[in-house]
Amino acid sequence: MDHAEALRLRGVLSQARLGEYVAVCGGDTVAALRLFCWNTEIASGLYGPLQHLELALRSVIDQQLRRLFGQADWWDAPGADLHFGARQKIADARGQLRRQSIPATPQEIVNELPFGFWVGLLGSGNRYDQRLWRTALHRAFPHHRGRRRDLHQKLDYLRVLRNKIAHHCPIHHRHLHADYETIVEVLGYIDHGLAGLVRRYSGVPALLARRPPTA
């Protein structure tokens, strides 16, 4: 790619977004586009492991809370007492299903709830530590030996990464190797085999090894 072609493509893509890459690359538009393309590649590579994590997280948390409250729609159980933000996400899920003419069964609601909802259940809101973590949710992570707050912190950090990827934001400046290792680590807290599966088939390490220079 020559400089003229790089400038043309910069005009086609978002000027504001590409400007961030140009600044990182010391004004070199060719290097900026290479970094932009690599950012897309690594974001795509990380999305797969994050998808495994999101699916596993909602599955094991849902299972434990069904057992704790004795009903599939455990969020409606009198003892659930979710905080306002979580209740709003459930209402949003119901609304989205209604707009799609899909029956709002418990399983469909679970499928519709975002990653942040599940991460939030591991936080400290509404005495979640005593009421949810100690009574049930610690069993969703049989290989975790640390504190709830440490697990929540790791997952919330990954939630930010996931949202940045979903909104096409730059992530090249993050400690992406550490992000990847955290994904695998948390998967291992849930199931060692699932963590091994992701590590075996992920292309993230190879992508990290061929990050382009910025100048």
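Only the coordinates and a few stated rules stand behind these numbers; no lab work does. These numbers were taken from a predicted model, which means no experiment stands behind them. Heads up, the Cβs are rebuilt from the backbone with ideal geometry, glycines too, and the neighbour counts pull from every protein chain shown.
Taking every DSSP helix (H) stretch of at least 4 residues in the chain, weighting each as -39,500 (n - 2.57) and dividing the sum by the residue count yields a mean residue ellipticity at 222 nm of -21000 deg cm²/dmol. Note on segment 19-100: with charges restricted to the Cβ of Lys and Arg (+1) and Asp and Glu (-1), its dipole about the Cα centre is near 360 debye. Within segment 53-121, the proportion of Cα pairs with more than 16 Å between them is 45 percent. Set against the 2.2 N^0.38 Å expectation for a compact globular protein, segment 93-215 has a Cα radius of gyration ratio of 1.26. Charged side chains reduced to their Cβ positions (Lys and Arg at +1, Asp and Glu at -1) give the chain a dipole of some 420 debye around its Cα centre. A Förster radius of 35 Å, combined with the Cβ-Cβ distance separating Y201 from D92, puts the computed FRET efficiency at roughly 0.60.
Which one, Y201, A178, I61, is farthest towards the positive end of the dipole of the chain when Lys and Arg carry +1 and Asp and Glu -1 on their Cβ? The Cα lying farthest towards the positive end belongs to I61.
Our estimate of slack between E181 and I102, defined as 0.36 nm per intervening residue step minus the Cα-Cα distance, is 24.7 nm.
In the chain, a dipole from Cβ-located charges (positive for Lys and Arg, negative for Asp and Glu) runs towards its positive end, and of P103, G70, W38 it is G70 whose Cα lies farthest in that direction. With the convex hull drawn over the C-alpha atoms of segment 3-209, the volume per residue is 147 Å³.
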